Amino acid sequence: MGATEHEYAAAVAAVRSASLLCDRTQGRLVAGDTLTKGDDSPVTVADFAAQAVVCAELAERLGRFDLVGEEDAADLHDDAQVALRDGVVELVAHQIGRSVDARTVLDWIGLGGADGTTDRYWTLDPIDGTKGFVRGDQYAIALALIEHGEVVLGVLGCPNLPNPDGSRGAVFVAADGRCIAWYGATTDPVPVHVARPGSLSAARVCESVESGHSDHDQSARIVERLGIEVDPYRIDSQCKYAAVARGDASIYLRLPTRADYREKIWDHAAGKFVVEQAGGRVTDVTGAPLDFRHGRRLEQNRGVIATDGAFHDEVVAAVAAVLA
Ligand code: AMP
Ligand code: MG
């Protein structure tokens, strides 16, 4: 059935609200606002607050839903985290414009506790690219709706993204065969479409800033093999998908740094659909479609290749040759 108009509006409103919260917070983090999770990745007050705000907005507008969110309210339960928890509550209260108690905020975060095994669920990365967020660079709020393993709606908030029109901050929405974006404070969305350079040599590759998330040495070999002459564009988060969708880049390579790593669904669902609805193609490094029917991770996939669609098969072949 795809997303209803009601779900579309709720998702856009939720991502906009979280984007405002994050934009207001970036650059103002103080000691104690950041925690290192069990998997060694950073999380900040804004990650938790953004998840609370998105879940609260969806709950108010849609009632019951299943949502797989990156953040776990349990990380805030411990009394050792009282300062962090207070910081989260303050950010949420400011964003919704009224006071709210910690219990309610933790309950909202807890709405993201689904496991991704039902026929219809949302997935949310409240701050994708937390390392970029903390560094003052790029990050994204990524929300997607998945039906029978297929993404049917993708919303990407990119509050710090520089736009072609000179403004900063964008919201991309993909659904029903098209992708649109709002740039800066404009009220009129623009259509988003991939740009296809005439030759592979002019195609620009984008990849993670973090070499621990995608293998830079291998991507350099792939770029060379494809005869690409343009330097790679390194940018954090699902802003890479946005870059391909609107023609800032032609190819996004995410090359496994470890044989046992499985990508998380919230790191890809919204972005993948933004690229596809903008006219591009997305597969894993073997050329297989991303399969969202296996819970919190893409258990059946390895890495990701997203392209403007023109040279996808050539890129998959070059990746296969280099990774072999
Ligand atoms: P990026 O900003 O594209 O580098 O991606 C950020 C995301 O990388 C985070 O949301 C993590 O979930 C994810 N991540 C963490 N470790 C790895 C890894 N070893 N391989 C791929 N992705 C990872
Ligand atoms: Mg992420």
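Points to keep in mind about this one:
- Counting 0.36 nm for each residue step from Ala288 to Ser211 and taking away their Cα separation leaves a gain of 25.4 nm.
- Anisotropy class of region 213-302 from Cα gyration tensor, a/c 1.5 cut: oblate
- Equivalent ellipsoid dimensions for the chain as semi-axes, Å, which come from the Cα gyration tensor, largest first: 31, 20, 19
- Extension gain (nm, one decimal) between His148 and Leu62, 0.36 nm per residue minus Cα-Cα: 29.0 nm
- Nearest-0.05 FRET efficiency for Arg135 and Asp231, computed from C-beta distance (R0 25 Å): 0.80
- Region 54-136: trypsin sites (Lys or Arg not before Pro) in DSSP coil with no more than 10 other Cβ atoms inside 10 Å: Arg64, Arg98
- Accessible area per residue for the chain, computed on protein heavy atoms with a 1.4 Å probe, is 41 Å².
- Low-density loop cleavage sites - GluC sites (Glu not before Pro) in region 145-226, where at most 15 other Cβ are within 10 Å (DSSP): Glu210
- Extension gain, Ala259 to His94: 0.36 nm times the residue separation minus the Cα-Cα distance gives 55.1 nm.
- Site pair Asp101 and Arg178 shows an inter-label distance of 4.7 nm when each label is modelled 7 Å from Cα along Cα→Cβ.
- Label point at His193 placed 7 Å out along Cα→Cβ; residues across region 135-169 whose backbone nitrogen lies under 15 Å: none
- Virtual paramagnetic centre 7 Å along Cα→Cβ of Asp165, amide N under 16 Å, in region 226-269: 246
The values are calculated or read from the model by the stated rules, or taken from the named source; none is laboratory data. Being a predicted model, the structure only gives us computed values, none of them experimental. When we count neighbours, we look across all protein chains shown, and the Cβ atoms used for this are built from the backbone with ideal geometry, even at glycine. The accessibility values were calculated without ligands, DNA or RNA, using every heavy atom of the protein model including side chains. Shrake-Rupley method; radii C 1.70, N 1.55, O 1.52, S 1.80 Å.
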